[in-house]
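Accompanying notes for the structure given below.
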Amino acid sequence: MRIAIIDADLIGRKKHRFPNLACMKISGYYKVLGNEVELKTDYGDLTKFDKVFISKVFTDTQIDKNILSLPNIEYGGTGFFYDKAPKLPDDVEHCMPDYHLYDEWVQERFNNGGNRNDFKYYLDYSIGFMTRGCFRQCEFCVNRNYKKVSVHSPLDEFVDHTRKKICLLDDNFLGCPSWRDMLSELQYMGKLFQFKQGLDERLLTDKKCEVLFTSRYDGDYIFAFDNVEDYELIENKLKLIRAYTDKIPKFYTFCGFDRENKWDLDFWKNDLWSLWWRIQLLMENKALPYIMRFNRYEESPYRGTYINLAAWCNQPNAFKKKSYREFVTYQQSRHKCICSETKYLQQIENEIPELAERFFDMKWKQ
């Protein structure tokens, strides 16, 4: 058969720095069966293919719905179904990904002046899941198809030994009873590895820290701080981390999601307080927040502040050198008239002055 693979996010977004694992698995499966497979980067002439597989990760990636009704089209992914996305068939799920699916596309980017580092996950990493599932079942999460953490794949199922690094997409690795055996397997393989989705800080123990922080880890240790109600627990775990490493951890810091589904003014004010309390705790403990905004932040009367905070926190050099007020002042210095960043800061000073007084001038201590 002649088969086309379409990574919809590749077509519908300005930046695309991570390959679609489902696309690579589908390609790998059908190539092993002897089919002709190609990555298609537009939606033209789809009827000339026997099968067209379309996958997308992001819900805001646009695609013409008429395309999805064509008889040779199959589509899936969280971008279409959010937390109800169907699983890949087992034979596809557990086959070696086709790490060469994106080769021509990447080369084209290089020919147009692309930076190699922007495409490192296409070139340097084997990608997969050692475990699947999470028992947390957070309301906002797309990974709720599995109610517990279970062993999913051995490394040999997805590791290409010609690639020097491993990127793991596990939902909650430390929640798996077999975590130690799997970390030992990673250590034995000898390659640098990382957990791209982050780790559950609340599950850290002395033994887990001892093994994790002596591993050949690649890049930042990433955790999550989604709920201010975990403040005391996270504070204790930050102290535990410091007993084992001097490295600066990063925390995905989720905001803009109303667990009570009210989305009123009180929620948006309380959400900013929650966010700032978490930023302060991380700053005081030499950890970096990485602001993750639920898409409904766009509806907030304080939308601009969410944008400001992401711009400040998500740039470690800015976060470690400037207070929030200094960051905004610097942005203002680059404009002749009052810039949007300054307007957003002034809005909070006028409408939530207690928050501004408490947090706007706090600063990372070198």
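The values are calculated or read from the model by the stated rules, or taken from the named source; none is laboratory data. Note that the structure is a prediction, hence the values are computed from the model and not measured. No Cβ is skipped: glycine too gets one built from the backbone with ideal geometry, and neighbour counts run over all protein chains shown. Just so you know, the surface numbers come from the protein's heavy atoms only, side chains and all, with ligands and any DNA or RNA stripped out. Shrake-Rupley method; radii C 1.70, N 1.55, O 1.52, S 1.80 Å.
Summary table
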quantity: Within the stretch 236-257, considering residues that are open to solvent by less than 10 Å² (accessible area, probe 1.4 Å) and without any contact (Cβ under 8 Å) to a residue 60 or more places away in the chain, the one nearest to the chain's Cα centre (by Cα); calculated: PHE251
quantity: Any hit, the stretch 190-210, residues being part of a loop (DSSP other than H, G, I, E, B), within 21 Å of the chain's Cα centre (by Cα) and aliphatic (A, V, I, L, M); calculated: yes
quantity: Residues of the stretch 338-366 satisfying the condition of being open to solvent by less than 30 Å² (accessible area, probe 1.4 Å) and more than 27 Å from ASN285 (Cα to Cα); calculated: CYS339, THR342
quantity: Residues of the stretch 41-55 that turn out to be touching a residue at least 12 places away in the same chain (Cβ under 8 Å), closer than 20 Å to GLU104 by Cα and assigned to a loop (DSSP other than H, G, I, E, B), as a count; calculated: 4
quantity: Residue selected from the stretch 266-313 under the condition under 21 Å from GLN197 (Cα atoms) and β-branched (Val, Ile, Thr), by the criterion surrounded by the fewest Cβ atoms within 10 Å (Cβ to Cβ); calculated: ILE291
quantity: Members of the stretch 16-40 that are in contact (Cβ under 8 Å) with a residue 24 or more places away in the chain and surrounded by fewer than 16 Cβ atoms within 10 Å (Cβ to Cβ); calculated: ARG17, VAL32, ASN35, GLU36, GLU38
quantity: Criterion (modelled with pLDDT of 95 or more, at negative phi and touching a Ser or Thr at 6+ places or on another chain (Cβ under 7 Å)) met by exactly one of PHE193, PHE173, PHE119; calculated: PHE173
quantity: Considering residues of the stretch 56-111 that are in contact (Cβ under 8 Å) with a residue 40 or more places away in the chain and acidic (Asp, Glu) only, the residue surrounded by the most Cβ atoms within 10 Å (Cβ to Cβ); calculated: ASP98
quantity: Residue count for the stretch 285-304, restricted to those that are out of contact with any Pro (no Cβ under 8 Å at 6 or more places or on another chain), within 14 Å of THR253 (Cβ to Cβ) and either aliphatic (A, V, I, L, M) or at pLDDT 95 or above (or both); calculated: 7
quantity: Failed criterion for ARG109 (all others in (1) touching a Gly at 6+ places or on another chain (Cβ under 8 Å); (2) closer than 19 Å to ALA8 by Cβ hold); calculated: (1)
quantity: In the stretch 167-186, the residues that are hydroxyl-bearing (Ser, Thr, Tyr) and open to solvent by less than 10 Å² (accessible area, probe 1.4 Å); calculated: none
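Matching residues to (1) more than 21 Å from PHE225 (Cα to Cα); (2) out of contact with any Gly (no Cβ under 7 Å at 6 or more places or on another chain); (3) not hydrophobic (A, V, I, L, M, F, W, C):
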{"site": "ILE248", "(1), (2), (3)": "no, yes, no"}
{"site": "ARG259", "(1), (2), (3)": "no, yes, yes"}
{"site": "GLY304", "(1), (2), (3)": "yes, yes, yes"}
{"site": "THR329", "(1), (2), (3)": "yes, yes, yes"}
{"site": "GLN332", "(1), (2), (3)": "yes, yes, yes"}
{"site": "GLU341", "(1), (2), (3)": "yes, yes, yes"}
{"site": "ASN350", "(1), (2), (3)": "yes, yes, yes"}
{"site": "ALA356", "(1), (2), (3)": "yes, yes, no"}
{"site": "TRP364", "(1), (2), (3)": "no, yes, no"}
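Yes/no per residue for (1) crowded, with 18+ Cβ neighbours inside 10 Å; (2) touching a strand residue (DSSP E or B) at 6+ places or on another chain (Cβ under 8 Å); (3) farther than 23 Å from LEU88 by Cβ; (4) touching a residue at least 24 places away in the same chain (Cβ under 8 Å):
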| site | (1), (2), (3), (4) |
| --- | --- |
| MET130 | yes, yes, no, yes |
| CYS141 | no, no, no, yes |
| SER153 | no, yes, no, yes |
| TYR188 | no, no, yes, no |
| GLU201 | yes, yes, yes, yes |
| TYR217 | no, yes, yes, yes |
